[in-house]
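Take a look at the structure set out below.
The values are calculated or read from the model by the stated rules, or taken from the named source; none is laboratory data. Given the structure is predicted, the values throughout are model-derived calculations rather than measurements. Heads up, the Cβs are rebuilt from the backbone with ideal geometry, glycines too, and the neighbour counts pull from every protein chain shown. Each accessible area value is taken on the protein alone, full model and side chains, heavy atoms only, with ligands, DNA and RNA left out. Shrake-Rupley method; radii C 1.70, N 1.55, O 1.52, S 1.80 Å.
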Amino acid sequence: MKYLIVSDIHGSLPRLRSVLDFFDKEGYDMLLLLGDLLNYGPRNGVPDGLDAMGIADSLNAYSDKIVAVRGNCDSEVDQMLLHFPMMADYAVVVVEGKREFLSHGHKFNASSIPSESYDAIITGHTHLWMLDSVNGKTVCNTGSITFPKEGRPATFATIDEDMTLRVRLLDGSIIKENKL
């Protein structure tokens, strides 16, 4: 199976569409959403193409392929628009026997996760992409497709059939990769 992981959409329909186009074109199986889907948040500007209903409609078309967690800008009102659950603080996805811990990152991140053993910790929240190996675990922040920080590019991540986690630019090109 192939997984596409995205965080911090913040209501930008054009940015989401570029990621969904890549998802479809490259034949991904599951869409893992790490929060901050519809709302742009009080610390961010208004994104280009702000369209919460358009985001909801676009994601709802993939609802049978989505695992989602709640971000700090997501609310119960947002959940009412979506046809998939997204109010959990974290999720665990097993990929080829490897346990991947998914969280937005504002409550749980590489330095504060439940005490269970995971092979990878994948978050968003900071809008700063990173991919490293820490104490034998893969640690990834997908960055943000809408509001990347510190002059970094807009990014998302994938786990491909070869069990490699890749951070990618919006055009799909690879910035960094790490075998799981």
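Can you tell me the length gained on complete extension of the stretch Lys98 to Lys65, counting 0.36 nm per residue apart and subtracting the Cα distance?
Gain in length upon complete extension: 10.0 nm.
Taken about its Cα centre, region 47-180 carries a charge dipole of about 420 debye when Lys and Arg each add +1 at the Cβ and Asp and Glu each add -1 at the Cβ. Per residue, the chain exposes an accessible area of 44 Å² to a 1.4 Å probe, with every protein chain left in place.
Please report how far the C-alpha centroid of region 54-94 lies from that of region 1-45, rounded to the nearest whole angstrom. Answer, in whole Å: 11.
Toward the positive end of the charge dipole of the chain, with +1 on the Cβ of Lys and Arg and -1 on the Cβ of Asp and Glu, the farthest Cα among Gly54, Ala68, Ile122 is that of Ile122.
For the residue pairs Lys25/Lys149; Lys25/Lys107; Lys107/Lys137; Lys2/Lys176; Lys25/Lys98; Lys107/Lys176, alpha carbon separations beyond 23 Å are given by Lys25/Lys149; Lys25/Lys107; Lys25/Lys98; Lys107/Lys176. Using a probe radius of 1.4 angstrom, the carbon and sulfur fraction of the accessible surface of the chain is 50%.
Would you please give the FRET efficiency between Lys2 and Ser173, computed as 1/(1 + (r/R0)^6) with r the Cβ-Cβ distance and R0 = 22 Å, to the nearest 0.05? Step by step, r from the Cβ atoms, then E = 0.85.
Here the Gaussian network model covers the chain, with springs between Cα atoms less than 10 Å apart; of Val139, Val19, Val77, Val77 fluctuates the most. Suppose every K and R has +1 on its Cβ and every D and E has -1 on its Cβ; what is the size of the dipole of region 133-173 about the Cα centre, in Debye to the nearest 20? It comes to approximately 220 debye. Extension gain, Ser58-Ser75: 0.36 nm per intervening residue step, less the Cα-Cα distance, totals 4.3 nm. Given the options Gly45, Gly143, Gly124, which has the most mean-square fluctuation in a GNM of the chain, springs set between C-alpha atoms less than 10 angstrom apart? Among Gly45, Gly143, Gly124, the largest mean-square fluctuation in the Gaussian network model of the chain belongs to Gly45.
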